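Reviewing the structure listed below.
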Amino acid sequence: MGTNRRYEAIADWYTELIRARAARRPDIFELIGDVVSQRVCDLACGEGLIARHLAERGARVVGVDISRRLLAHARSIQQTSGITYVQDDAQGLAALRDAVFDGVTCNLALMDIADLDATAAAVYRVLRPGGWFVFSVVHPICAPEAGFVLQRDGTLA
Ligand SMILES: C[S@@+](CC[C@H](N)C(=O)[O-])C[C@H]1O[C@@H](n2cnc3c(N)ncnc32)[C@H](O)[C@@H]1O
């Protein structure tokens, strides 16, 4: 199943999960500095958690995601002004013009996107020269085939 359809299928559940944890400040903010008055693209924005955080900190935000249903959830929240949501594929960002963003964020999504070269090229294209890109990915221990090993001393590794 393609990524788009995978997220469409779990969009309601995923939105509920994220919003139940919304009080927790996403770790990615440790890496992002001052965004006041900056134009920021939140790539693979999902239901909009990071986009909302950025807008609350004074950024003008474009949230991009491939899932129509997650974008509908994102738009359904009465938000501070300054966020526009766009449906697009991160592997091309055809809807976005060149060199328009000061920064791009991508929280916990690159591991879901098949063509990383195309995604990196698209991010580079939409950033202004000297712009920044901050992303986080899931730790490899969360991969489906990963697990814990019981060691001889009884501890887990
Ligand atoms: C684990 S969720 C993370 C969502 C959001 N960044 C967050 O922090 O809650 C991964 C997101 O990547 C999006 N996605 C997957 N493939 C994509 C693609 N090719 N282009 C744009 N978004 C994509 C999914 O629709 C989903 O919203």
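Results, tabulated for the structure shown:
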quantity	calculated
Dipole moment magnitude, nearest 20 debye, the chain about Cα centre, only Lys, Arg, Asp, Glu C-beta charged	400 debye
Selected from GLY92, GLY103, GLY63 as most flexible by GNM, with the chain as the system and alpha-carbon contacts under 10 Å	GLY92
Percentage of interatomic Cα-Cα distances in the chain larger than 24 Å	34 percent
Residue-averaged [θ]222 nm for the chain, counting only DSSP H segments that reach four residues, each worth -39500 (n - 2.57)	-9000 deg cm²/dmol
Simple label model, 7 Å out from Cα along Cβ direction - VAL138 to ALA95, nm	2.5 nm
Most positive-pole-ward Cα, GLY46, THR119, ALA20, against dipole of the range 3-142 from beta carbon charges	ALA20
The chain, relative contact order [Cα under 8 Å, separation at least 6], %	20 percent
Amide proton proximity set for ILE66, modelled H, under 5 Å, gap of 5+	ASP88
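Since every read-out is calculated from the coordinates, none of them should be taken as a lab result. Just so it is clear, the model here is predicted, and its values are computed rather than measured. Here Cβ is always computed from backbone atoms with ideal geometry, including for glycine, and neighbour counts include all displayed protein chains.
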